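K.L.:
Can you read through this structure? Questions will come right after.
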Amino acid sequence: MLPEHENPARTPAQRPSNPAANLPTVDEDGASAEVAALYQRFRRQFGRPDIPGILRCFATHPPLLRAMIDLASGMLFTNGALTRRHKEMIAAFVSFRNACLYCADSHGYFFREQGGTEAALCALRENRLAWGEFADAERALLEFAEKVNEHSQAIGPADVEAMRRAGWSDLQISETIHTVALFAAFNRIANAFGLPSQGLLADSDLQS
């Protein structure tokens, strides 16, 4: 069964292709046989009719595209040490902090589909973690994620110990670091290629 947010019946209507502004990506019409096969694999695994813009960026280097599809199915878009909701919460928060309109819209939408409230999404967008929308453990998780994203060189044993005291296991802390670092990289790729927002939140009924 597909994860809930990957079900195409639950996603907004497909919008016309909106190409990256800065650098060409790999559209299906111009894809090599290798990339076309990987796009079809993505469709089969995730049940989505469209190929997201970030995958079209990865497709400029087919081995990277293959690895990212594996990563998406094996870690990012599934429950692991962290829940899917927590991963989308981190992804949206980091994307807002890194001013990535493409990723913030996408993962803000997925966070809402995973049960995040509109008020929680607003708190993530405004970086107002003390608004009361998050449990103490989640607030500690987000504060740690922010430090990994913005000041990773300053992370020390005290930060890890604070996460443990908040109730997070070492495996969950490790997965948080991986999740933050990966989405920070995706933010930079999307921004540098010039991917625009997909308008998923604007097109959905999750804003109310």
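The values are calculated or read from the model by the stated rules, or taken from the named source; none is laboratory data. Since the model is a prediction, treat every value here as computed from it, not as a measurement. Virtual Cβ from ideal backbone geometry, glycine too; neighbours counted across all protein chains shown.
K.L.:
Restricting the stretch 172-186 to residues that are aliphatic (A, V, I, L, M) and closer than 11 Å to E146 by Cα, which is surrounded by the fewest Cβ atoms within 10 Å (Cβ to Cβ)? Outline the logic, then answer.
P.N.:
Taking the stretch 172-186 as the starting set, the residues that turn out to be aliphatic (A, V, I, L, M) are 173, 177, 180-182, 184-185.
Add one more test, that the residue is closer than 11 Å to E146 by Cα, and what stays is 177, 180-181, 184.
Details: I177: 16, V180: 23, A181: 14, A184: 22.
This residue is A181.
K.L.:
Here is a follow-up. Exactly one of these conditions fails for F42: (1) in the same structural domain as W168 (by TED's automatic domain parsing); (2) surrounded by 14 or more Cβ atoms within 10 Å (Cβ to Cβ). Give me its number.
P.N.:
Unmet for F42, out of (1) in the same structural domain as W168 (by TED's automatic domain parsing); (2) surrounded by 14 or more Cβ atoms within 10 Å (Cβ to Cβ): (1).
K.L.:
Which condition does S169 not pass, out of (1) at pLDDT below 95; (2) among the hydroxyl-bearing types (S, T, Y); (3) outside the structural domain of E34 (by TED's automatic domain parsing), if it passes all the others?
P.N.:
Every listed condition holds for S169 apart from (1).
K.L.:
Give me a count of the residues in the stretch 10-46 that are within 21 Å of the chain's Cα centre (by Cα), part of a loop (DSSP other than H, G, I, E, B) and modelled with pLDDT of 90 or more.
P.N.:
Looking only at that region, the number is 2.
K.L.:
Looking at the structure I just gave you, is A184 assigned to a helix (DSSP H, G or I), under 17 Å from A92 (Cα atoms), within 17 Å of the chain's Cα centre (by Cα) and without any contact (Cβ under 8 Å) to a residue 40 or more places away in the chain? Spell out the reasoning first.
P.N.:
Details: assigned to a helix (DSSP H, G or I): yes; under 17 Å from A92 (Cα atoms): yes; within 17 Å of the chain's Cα centre (by Cα): yes; without any contact (Cβ under 8 Å) to a residue 40 or more places away in the chain: no.
Here the answer is no, as A184 does not meet what is asked.
K.L.:
Considering each of I51, I90 in turn, give the residue that is among the hydrophobic types (A, V, I, L, M, F, W, C), crowded, with 19+ Cβ neighbours inside 10 Å and in a loop (DSSP other than H, G, I, E, B).
P.N.:
Values: I90 fails: in a loop (DSSP other than H, G, I, E, B).
One residue alone meets the criteria, I51.
K.L.:
Give the number of residues within the stretch 93-119 that are crowded, with 19+ Cβ neighbours inside 10 Å, assigned to a helix (DSSP H, G or I) and not acidic (D, E).
P.N.:
15
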